[in-house]
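Please read the structure below before turning to the comments.
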Amino acid sequence: MKNKTLAIFGIGTYILSVIISATDLEGNSTIPIALIAISGVATIVFYIMATKRLWNIQKIAPILLISSVVVLIILSIAQGVAPLLINIIKIINFVVFIWIISLLWAMAKHEKLEIKKFIDKSGLTPEEFSFIQEDSRKGDHEAVLQKLSKAQEQHAKKFKEATGIDSKDIVPEIGKEISWSDIINHVFRVLEFDRNGTIIDQNNQVKAKSKFEPYGYLLAESPILNNRVRLPIIHRDDFLLAVSVFDEPNLADHVVSEELIVTYSPKHLLPKGLSGSPHHVLHYAITPLGTLYSYYSMNNDVHYGKPDPQKLFGPFVYEGEIKVQINNRGQLPLNS
């Protein structure tokens with residue numbers, strides 16, 4: 001169920017709950033038992049789905065909603081409780097409910113904008129994108145890849161005709177041609193590692209070529225973009241993680257035979273997608289070949305608009321021992 005549909009469903013459950021609470025002049029309910037049962041089940045379903053949907057975004061909202069309902073039930077059962085207190089809890093419950101509906105609505109709007117952004121970047125027409133969604137629903141991932149590849153080729157051809165430049169020769173850099181905010185939590189496949197002159201001395205100290213340049217770069221690709229990109233490595237620990245793969249023969253082979261994937265996900269975000277903490281920002285995992293495209297084509301391409309990288313990387317680690325994750329199951333998600 002999409003976020004907008006879930007919000008509408010929630011509104012419907014609330015209206016139904018108001019209807020079944022109606023009584024006649026003598027205080028007796030005139031609502032059929034079956035309708036009361038349907039309302040109860042629908043409300044529980046909405047609470048569960050809304051909690052799951054919002055837990056990683058704004059968990060305080062579902063906690064307050066469920067807590068207010070539990071308190072309201074207890075007070076309604078208890079004897080001698082002041083009606084004023086019950087009415088206050090009802091008001092709190094209603095305010096929190098409106099908050100949750102607004103969050104779901106905002107998430108739906110954000111998903112729509114992200115999908116539009118993807119369509120614009122990929123060169124797909126809305127009609128082509130709808131065909132890709134249909135193939136994804138059928139589980140025909142091969143058709144999805146073919147359509148994406150064809151659309152990208154057509155986009156590149158038009159660009160070359162207009163500019164005389166082959167777009168494949170252009171490798172934009174994250175932070176310059178592409179904003180950091182555009183790639184937050186999105187997943188890339190690492191193709192090459194450029195150390196940019198950074199060395200590790202005999203005392204295991206990382207020394208960059210310049211204080212004004214990144215430690216290195218990752219040449220990477222992702223279905224969310226038309227081109228391969230240069231992803232700057234701006235944190236010492238992220239450089240060491242890349243080194244731990246490319247300097248270890250057993251792991252370096254995985255970059256060719258499998259997929260070394262990476263995602264940019266700072267612990268705290270500043271405007272424009274920049275990191276707001278001293279912690280490292282890149283998370284790495286080695287996965288079976290084809291994992292990246294399977295991830296982006298699953299569940300009607302949901303991850304284009306709502307990335308969820310921890311399905312592949314597991315819970316993010318920012319302090320203590322950080323390492324390249326190994327997801328060799330060949331299944332999604334890693335953290336199920």
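Apply 1/(1 + (r/R0)^6) to the Cβ-Cβ distance of ILE48 and LYS112, taking R0 = 22 Å, and write down the FRET efficiency to the nearest 0.05. For ILE48 and LYS112, the calculated efficiency is 0.35.
Backbone geometry of the stretch 217-234 corresponds, through the Karplus equation with coefficients 6.51, -1.76 and 1.60 at θ = phi - 60°, to 3J(HN,Hα) couplings of 9, 10, 7, 9, 9, 7, x, 6, 10, 6, 10, 5, 10, 9, 9, x, 9, 9 Hz, x marking Gly and Pro. Pairs over the 24 Å Cα-Cα cut-off, from the set LYS4/LYS306; LYS4/LYS272; LYS112/LYS311; LYS59/LYS90; LYS52/LYS306; LYS59/LYS323: LYS4/LYS272; LYS59/LYS323. Can you give me the long-range amide H partners of ILE178? Hydrogens built in the peptide plane at 1.01 Å from N, cutoff under 5 Å, separation of 5 or more residues or another chain. Amide H to amide H, under 5 Å and 5 or more residues apart or across chains, ILE178 pairs with GLU173. In order along the stretch 291-297, the Karplus-derived 3J(HN,Hα) couplings, from 6.51 cos²θ - 1.76 cosθ + 1.60 at θ = phi - 60°, round to 4, 4, 6, 5, 4, 7, 9 Hz, and Gly and Pro are given as x.
Each value in this text was obtained by applying a stated rule to the coordinates, not by laboratory testing. Just so it is clear, the model here is predicted, and its values are computed rather than measured. As a convention, Cβ positions derive from the backbone with ideal geometry for all residues, glycine included, and neighbour counts pool all protein chains shown.
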